[in-house]
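Here is the structure we will look at, set down as structure tokens.
The values are calculated or read from the model by the stated rules, or taken from the named source; none is laboratory data. Keep in mind that this is a model prediction, so the values were computed, not measured. Note that each Cβ is placed from the backbone with ideal geometry, even for glycine, and that neighbours are counted across all protein chains shown.
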Amino acid sequence: MNKLVVVGGGIAGLAAAFAAKRNNPALQVTLVTGRIGATSLSPGVLDDTPWDVVAEAERLTGVSATWSIDPGCAELLGELGIFSLPAAGTEGGPLERPLVATTGGILRRTLAHASAILDLKRVHGRTVLLPAVDRPHWDSASLVRSLNDNAYGLRFEESGATVLRFDDESFISDLELARRFDEPERVRWLGQQLLRAKQAHPGEVAFLLGPWLGRAADSASVLEAAVGAPVGEIVAPHSGTFGVRFERARERLCERLAIALSASEINRVERAGSELLLHGEGKSLEADGVVLATGGLVGGGIVFSPPSFGAPADGATKIGPSFELSLKGLEGAIATQHGPAFVGSAEGPVLDASAWPRGTQAGALEKVGLVLERDGSLRSFPLVFPVGDIVASCSRTMLTAARSGLTAGERAARILSEHAN
Ligand SMILES: Cc1cc2nc3c(=O)[nH]c(=O)nc-3n(C[C@H](O)[C@H](O)[C@H](O)COP(=O)(O)OP(=O)(O)OC[C@H]3O[C@@H](n4cnc5c(N)ncnc54)[C@H](O)[C@@H]3O)c2cc1C
């Protein structure tokens, strides 16, 4: 028993493949990456509990939370090489959490972040300058107004620093602009512009830019050295820049650990004696064990499919579950913590009442997922281990997904080697 297939290449699947290979180097591990999921759409900040829940708890208790990053997660993030980890806290001690600004115009704490993102803890006493560039999704005047309404004593100002160099840079995507900052010459040019803006400003400054500072290279640290001031990115969900950095780091890590990557999709799982067969487009994979890391509704592991979908014009003839797994052949029930979910009517659940978050309570669309056996496996499938966003009612955060992947990868490696002996 030496073949483990991890289906889903987000942070949970990558963590599982990493832990499996670390714990059993003889294991043949294949990571099936599928399409873009939540990890690639996320902005590159890593929480274990949604940040607004933490902020609300701190507000209510008046006590500042102390946090640490699980050592296994810290090791994985260190191996990926694209994150800044707080210096203390990896061994369970308290850490002072980084403070980041978002394109929503708020400041918030996080546990770790992509190294290109500016940690505002580093800018105390400085004015943070945002360039007034002509781009969609970048309204520096509104951002400055909103960010200045903060409880940390931080000051933000618009700056005349030139960031865009060519006409088309007013409308190309963030990701395309980031690609241009993979070029050392372009980074040097930007360094000169920022230096000029720094010299024109009385007092110490820092620069907060969009998610543009390179897809591959760490341009933020090169710029800092050139400008002599902190330079980094704002937190920008959906830009895709972090996603590309993550995918490249995933590729490098898999190559180092001899984890095979397969950029395909799996449609169906079938039992074949003691093995599982995973059928995808035009090819099948044999597995002794499977880590199911296909994500929730965002990643595509779970699909909204109320009985009325595909029903005859005069309506559905039965009432049934409204969510299903995208991968066929696994009879695991989809449920939320509060019992079998969403059986409302043939039209599906009353989404207005249950789907969306209320206060700090996650909405049902975030909770829906697979309910697991106590050992983390799937009912009737003892060698299938769901991890990450596909699991019911766990926090939809990067570190929760990574932790569950690490635990399942380690367990899968142990069980498969026991079966082999
Ligand atoms: C916009 C956005 C902002 C976020 N912000 C934060 C934040 O600030 N802090 C934080 O901690 N978390 C944040 N999150 C949540 C966090 O990104 C997720 O909880 C985490 O990435 C989930 O990882 P995962 O590996 O479980 O799922 P995913 O990253 O969704 O990975 C699932 C993968 O499985 C693949 N897949 C699905 N079906 C198949 C199939 N049949 N065959 C092959 N592959 C398949 C998908 O293509 C995808 O690549 C955010 C998420 C989003 C979308």
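Here are some notes:
- Leu76 vs. criteria in contact (Cβ under 8 Å) with a residue 40 or more places away in the chain, of a type in the set (A, V, I, L, M), outside any strand (DSSP E or B) and buried (at least 21 other Cβ atoms within 10 Å of the Cβ): yes
- When each of Ala364, Ala392, Ala401 is tested for being small (Gly, Ala, Ser), modelled with pLDDT of 95 or more and assigned by TED's automatic domain parsing to the domain that holds Asn23, the lone residue that passes is Ala401.
- Among all positions in region 97-118, there is at least one residue which is modelled with pLDDT of 90 or more, hydroxyl-bearing (Ser, Thr, Tyr) and more than 21 Å from Ala401 (Cα to Cα).
- For region 382-407, the tally of residues that are in contact with a strand residue (DSSP E or B) (Cβ under 8 Å, 6 or more places away or on another chain) and more than 11 Å from the ligand (Cβ to nearest atom) stands at 5.
- Condition met for Phe83 (in contact with a helix residue (DSSP H, G or I) (Cβ under 8 Å, 6 or more places away or on another chain) and free of Cβ contacts under 8 Å to residues at least 60 places away in the same chain): yes
- Qualifying positions in region 173-185 - of a type outside the set (S, T, N, Q) and surrounded by fewer than 17 Cβ atoms within 10 Å (Cβ to Cβ): Leu175, Glu176, Asp182, Glu183, Pro184, Glu185
- Any hit, region 103-118, residues being of a type outside the set (Gly, Ala, Ser) and away from the ligand (no atom under 16 Å from the Cβ): no
- Strands (runs of 3 or more DSSP E) wholly inside region 244-291 that include at least 2 residues being under 20 Å from the mean Cα position of the chain (by Cα) and over 28 Å from Leu177 (Cβ atoms): none
- Thr49 surrounded by fewer than 18 Cβ atoms within 10 Å (Cβ to Cβ), farther than 23 Å from Ile234 by Cα and modelled with pLDDT under 95: no
- Condition check for Ser219: in the same structural domain as Leu177 (by TED's automatic domain parsing), more than 27 Å from Arg403 (Cα to Cα), modelled with pLDDT under 95 and touching a Leu at 6+ places or on another chain (Cβ under 6 Å): yes
- Filter result for Gly289 (crowded, with 19+ Cβ neighbours inside 10 Å, of a type in the set (Gly, Ala, Ser), away from the ligand (no atom under 13 Å from the Cβ) and within 22 Å of Ile334 (Cβ to Cβ)): yes
- Counting only helices (runs of 4 or more DSSP H) wholly contained in region 7-62, the ones carrying 1 or more residues that are more than 6 Å from the ligand (Cβ to nearest atom) and farther than 21 Å from Gly300 by Cβ occupy 11-23, 51-61.
- Restricting attention to region 120-142, the residues being surrounded by 18 or more Cβ atoms within 10 Å (Cβ to Cβ) and over 20 Å from His201 (Cα atoms) number 2.
- Criterion violated by Ala335 - all others in (1) of a type in the set (A, V, I, L, M, F, W, C); (2) modelled with pLDDT under 75; (3) not in a strand (DSSP E or B) satisfied: (3)
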